[in-house]
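K.L.:
Pasting in a structure now, in structure tokens, and then I'll have a few things to ask.
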Amino acid sequence: MSIKRVVITGAASGIGAATAAELRSRGARVVGLDVRPAGEDVIECDVRDQASVDRGVAEAIERLGGGLDVLINNAGIGSIESTGEPPGERALAVLDVNMLGAWRVTAAALPAVREARGRVVNVASGLAYLTVPFAPAYSMSKRALVAYSDALRLEHGDAITVTTVYPGYIRTPIHDITREAGLALEGLVPAEDVRDAARTLARAALGRRTRDLATTRRGGIGYALLRRTPRRLVDRGTTAVMRHHARRGRFDRSTLASDFTARMRARPRRTS
């Protein structure tokens with residue numbers, strides 16, 4: 001079997017760094033792209049800038065010997081905001097990095113991936129299935145990334161495979177912003193190990209070709225149930241969980257959630 005040539009974005013830390021290490025342990029040649037490069041095998045690249053993306057992808061392919069078998073779009077950032085307020089700079093950055101960034105990088109890498117009849121792996125999120133309050137930009141970006149995967153598959157499925165991976169809550173720096181704002185997901189949803197995500201992404205890159213992958217068995221079962229559950233019931237369940245935690249004081253130090261918390265502590269209302 002030939003050695004696979006892989007480019008992964010967001011490679012300097014978190015899921016990206018763990019995945020790059022896992023891929024190398026399985027014999028792949030890996031070059032990373034990151035806005036804050038670390039190490040010799042990570043090239044500086046800002047996925048918000050097409051010129052930077054074009055340069056970074058071209059250099060990565062050159063380092064890999066002129067070809068590319070697998071592109072992993074992993075770069076992502078998080079934010080918190082209220083749906084009742086206009087989107088600020090951070091929310092727009094989330095949409096730009098998480099959604100449009102993957103599009104830019106794929107467009108730059110696509111000729112090489114098509115030539116190799118290779119793969120594109122897009123890292124979405126469990127929040128593409130289950131939306132939570134105060135993360136509209138992140139949830140929107142990941143749900144949009146799923147749609148991009150579908151569109152890419154329809155247009156270029158004659159030559160490439162497109163896999164969407166859905167990590168759950170993993171304790172990486174992307175969650176620092178929610179933790180500092182008193183809106184951490186810790187305890188609200190089950191935590192996953194970054195090694196599970198790395199192994200799943202390596203499977204998507206090197207294993208049997210597949211369309212969608214959860215990073216844990218539990219996550220896969222949960223997402224399957226969510227797909228089959230009426231959205232109004234999912235909304236009611238999410239609201240019930242948030243009300244429970246609001247009444248227990250979980251969000252008391254969050255300024256952003258103060259009005260929401262007060263309403264959650266008031267008499268419950270049905271979600272339409």
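Bear in mind that the values in this text are calculations on the coordinates, not laboratory data. Not measured: the values here are computed from a predicted model. Note that each Cβ is placed from the backbone with ideal geometry, even for glycine, and that neighbours are counted across all protein chains shown.
K.L.:
So how much slack lies between residue 26 and residue 41, counting 0.36 nm per residue of separation and subtracting their Cα-Cα distance, in nm? Working shown, then result.
P.N.:
On the way: separation 15, 0.36 × 15 = 5.40 nm, distance 1.65 nm.
Going from the current span to full extension adds 3.8 nm.
K.L.:
Consider the candidate values (1) -0.34, -0.84, -1.20; (2) -0.54, -0.95, -1.22; (3) -0.28, -0.76, -1.20; state which one is log10 I(q)/I(0) by the Debye sum over Cα atoms at q = 0.08, 0.13, 0.16 Å⁻¹ computed from the structure displayed.
P.N.:
Correct label, based on the coordinates given: (1).
K.L.:
Quick one: compute the contact order of region 1-123, relative version, from alpha carbon pairs under 8 angstrom and 6+ residues apart, as a percent.
P.N.:
Details: 216 pairs, mean separation 33.1, N = 123.
Averaging sequence separation for qualifying contacts and normalising by length gives 27 percent for region 1-123.
K.L.:
Further, regarding this structure: So, counting K/R as plus one and D/E as minus one, what does the shell of residues with Cβ under 12 Å around residue 157 add up to? Kindly include the intermediate steps, with their values, before the conclusion.
P.N.:
Values: positive: 114, 117, 119, 153, 209, 211; negative: 150, 155, 158.
Computed value for this residue: +3.
K.L.:
At a 10 angstrom cut-off on C-beta neighbours, averaged per residue, how do the peptides 236-246, 138-148 rank from highest to lowest? Walk me through the intermediate numbers first.
P.N.:
Details: 236-246: 15.3, 138-148: 20.7.
Averaged packing, sorted descending, gives the order 138-148, 236-246.
K.L.:
Quick one: net charge around residue 60, please, counting Lys, Arg +1 and Asp, Glu -1 for every other residue with C-beta under 13 Å from its C-beta. Could you put the intermediate results ahead of the total?
P.N.:
Working: positive: 5, 29, 55, 63; negative: 34, 40, 41, 44, 54, 59, 62, 69.
Computed value for this residue: -4.
K.L.:
Which of these, 60, 224, 214, has the largest mean-square fluctuation under a Gaussian network model of the chain (Cα springs below 10 Å)?
P.N.:
224
K.L.:
Using Cα springs under 10 Å in a Gaussian network model of the chain, which residue among 62, 44, 81 shows the largest mean-square fluctuation?
P.N.:
62
K.L.:
Compute a Gaussian network model of the chain, connecting alpha carbons closer than 10 Å, and tell me which residue from 36, 228, 55 fluctuates the most.
P.N.:
Among 36, 228, 55, the largest mean-square fluctuation in the Gaussian network model of the chain belongs to 228.
K.L.:
What is the gain in length, in nm to one decimal, between residue 239 and residue 158 on full extension, counting 0.36 nm per residue of separation less the C-alpha to C-alpha distance? All intermediate terms of the calculation are to be shown ahead of the outcome.
P.N.:
On the way: separation 81, 0.36 × 81 = 29.16 nm, distance 4.27 nm.
Full extension from residue 239 to residue 158 adds 24.9 nm.
K.L.:
What percent do you get for the relative contact order of the chain when only Cα pairs under 8 Å and 6+ apart count? Don't skip to the end; give the middle numbers.
P.N.:
Details: 476 pairs, mean separation 45.2, N = 272.
About 17 percent, as a whole number.
K.L.:
Also, I was wondering about something else. Quote to one decimal, in nm, the extra length available between residue 114 and residue 55 on full extension: 0.36 nm per residue of separation minus the C-alpha distance between them.
P.N.:
Values: separation 59, 0.36 × 59 = 21.24 nm, distance 1.89 nm.
Residue separation times 0.36 nm, minus the Cα-Cα distance, leaves 19.3 nm.
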